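The structure appears below as structure tokens.
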Amino acid sequence: MSVQTERADAVPAAGTGKTGAPPPGEGQNPKRKRGGASAPYLLLLPALAATAVLLGWPLVKNGMLSFQNLNPRQLILHLTEWNGIDNYQEVLSGSDFWNVVVRTVVFTAANVVLIMVFGTLVGLLLARLGKRMRLTLLLGLVLAWAMPMIAATTVYQWLFAQRFGVVNWILDKLGWHSMADYNWLGSQFSTFSVVTLLIVWQSVPFVAINLYAATTTISKELYEAAALDGAGAWKSFTSVTFPFLRPFLWATTFLEIIWVFKSFTQLFAMNQGGPDRLTETLPVYAFVEGVGNQHFGMGAAISFLTILILLALTAYYLRTVIKQEEDEL
């Protein structure tokens, strides 16, 4: 009886594959591994450099300027007068700054609520329309979104003009004859109403298109299952649509808060913060104090405080997002 044995050279060596090659990852150069791990950071370097040059350096210069007494005299004589925290003390100790802060918060909250409500409704409408009507509505939204701010503000100034405005003419024809020569920019409330209408009109397309894109990720099988369980339109929205849209709604709301909070062009171009500086928000207030009144150090301090408020909002948002992710895990 013969015993068959395998040749020793036919047995794969330990730590090798069938072809005799080492398994993936073994025998590779450690330097190559480190190079591959650093590749993502190298790709980020151009964006980080551009951010540091275009945003970081102006922010540093603005911070330095906020600690200086810089007026036309110092500019003409090329003088640098450091006054410490005097600008911040003057701003924070005055009632004007806090009135503007409250006004900015109320203005932002009213705009964001209207933007999110109408934007969500339009986004859900896009999901239910047919292809042709959806394309038509999307085209109108994109055109409204793409219009430059100054051009849009000029159009609204024409629409709400006191003597030859289209809005006053329509209201007069409908029977409100007292509105024939109404000055929409003559009071705080009416000016804010026109600006709010303008900002909401410009912001709804972003929210609507963003939420419509989010609805396309929801599986139709979930709606079919909800319908089999007897869920109506409202129940399907609360149990299927809203849970999927919640992260998109939260992120979009935060973006709109920042966008409205720092809005400057519409308010200043509409009425330069008037009448009697009653429609100034923090960005307009910083510009008027800094450039308008030529108190450049004061304006820099106000703008830096505005940045700090936005950073606090961003920190709160990031903290909330991280907490939600931890809860889901």
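The values are calculated or read from the model by the stated rules, or taken from the named source; none is laboratory data. What you see is a predicted model; the values in this text were computed from it and never measured. Heads up, the Cβs are rebuilt from the backbone with ideal geometry, glycines too, and the neighbour counts pull from every protein chain shown. The accessibility values were calculated without ligands, DNA or RNA, using every heavy atom of the protein model including side chains. Shrake-Rupley method; radii C 1.70, N 1.55, O 1.52, S 1.80 Å.
Using only Cα atoms and rounding to the nearest 10 degrees, what angle (0 to 90) does helix 95-128 make with the longest principal axis of the chain?
So the helix axis and the longest Cα principal axis differ by about 60 degrees.
In the stretch 162-300, carbon and sulfur make up what percent of the accessible area (probe 1.4 Å)?
65
From the phi angles alone, apply the Karplus equation (6.51, -1.76, 1.60; θ = phi - 60°) to the stretch 221-238 and give each ³J(HN,Hα) in whole Hz, x where the residue is Gly or Pro.
5, 5, 5, 5, 5, 5, 5, 5, 7, x, 6, x, 5, 5, 5, 5, 5, 6
Once phi is turned into ³J(HN,Hα) by the Karplus curve 6.51 cos²θ - 1.76 cosθ + 1.60 with θ = phi - 60°, what whole-Hz value does each residue of the stretch 314-321 show in order, with x for glycine and proline?
Computed from phi, the couplings for the stretch 314-321 are 5, 4, 5, 5, 5, 5, 5, 5 Hz.
List the trypsin sites (Lys or Arg not before Pro) within the stretch 161-260 that fall in a DSSP loop (any state other than H, G, I, E or B) and whose Cβ has at most 14 other Cβ atoms within 10 Å.
In loop regions of the stretch 161-260 (DSSP not H, G, I, E or B), the sparsely surrounded trypsin sites (Lys or Arg not before Pro) are ARG163.
Which order do HIS295, HIS78, HIS177 take when ranked by solvent-accessible area (1.4 Å probe, heavy atoms of all protein chains), largest first?
So, going from the largest accessible area down, we get HIS78, HIS177, HIS295.
Sort 191-201, 81-91 by the packing proxy (mean of other Cβ within 10 Å over each peptide's residues), most packed first.
Result, highest mean Cβ count within 10 Å first: 191-201, 81-91.
Need one number: convex hull volume per residue for the stretch 186-329, Cα atoms only, in Å³.
Measuring per residue, one finds 129 Å³ for the Cα hull of the stretch 186-329.
Please compute the length gained on full extension between SER193 and ASN293, using 0.36 nm multiplied by the number of residues separating them and subtracting their Cα-Cα distance.
Numbers: separation 100, 0.36 × 100 = 36.00 nm, distance 2.70 nm.
Contour length minus the Cα-Cα distance gives 33.3 nm.
Short version: what are the Cα gyration tensor semi-axes of the stretch 46-152, square root of 5 times each eigenvalue, largest first, in whole Å?
Sorted largest first and rounded, they come to 45, 21, 13 Å.
Give me the net charge of THR215's neighbourhood, meaning all other residues with Cβ under 14 Å from the Cβ of THR215; Lys, Arg count +1, Asp, Glu -1.
So the surrounding residues net to +4.
Mind checking the per residue accessible area of the chain for me, 1.4 Å probe, whole number of Å²?
Numbers: 21380 Å² over 329 residues.
Result: 65 Å² per residue.
How big is the stretch 120-274 by Rg and Dmax over its Cα atoms, in Å?
19.8, 59
Give me the three principal axis extents of the chain from the C-alpha atoms, as integers in angstrom, largest value leading.
120, 68, 33
Measure off 7 Å from each Cα along the Cα-to-Cβ vector at MET149 and THR136, then give the distance between these two points in nanometres to one decimal.
Roughly 3.3 nm, to one decimal.
Pick from PHE67, PHE268, PHE242: which is most flexible by mean-square fluctuation in a GNM of the chain where alpha carbon atoms under 10 Å apart are linked?
The residue with the greatest mean-square fluctuation here is PHE242.
Scan around GLN68 for amide H atoms under 5 Å from its own, H built in the peptide plane at 1.01 Å from N, and keep only partners 5 or more places away or cross-chain.
For GLN68, whose amide H was placed from the backbone, the distant partners under 5 Å are ASN83.
What order do MET298, MET64 take when sorted by accessible area (1.4 Å probe), most exposed first?
Largest accessible area first, the residues go MET64, MET298.
Ignoring ligands, DNA and RNA, how do LEU135, LEU222 rank by accessible area with a 1.4 Å probe, largest first?
Of LEU135, LEU222, the descending order of accessible area is LEU135, LEU222.
Could you work out the helix-only [θ] at 222 nm for the chain, with each DSSP H run of four or more residues adding -39,500 (n - 2.57) and the total divided by the number of residues, to the nearest 500 deg cm²/dmol?
Rounded to the nearest 500, it is -22000 deg cm²/dmol.
What ³J(HN,Hα) values, in whole Hz, does the Karplus curve 6.51 cos²θ - 1.76 cosθ + 1.60 give for the stretch 186-193 when θ = phi - 60°, with x put for Gly and Pro?
Once rounded to whole Hz, the list reads x, 9, 5, 5, 5, 5, 5, 5.
If R₀ is 41 angstrom, what is the calculated FRET efficiency for the pair VAL113 and ILE76, using the beta carbon separation as r and rounding to 0.05?
0.30
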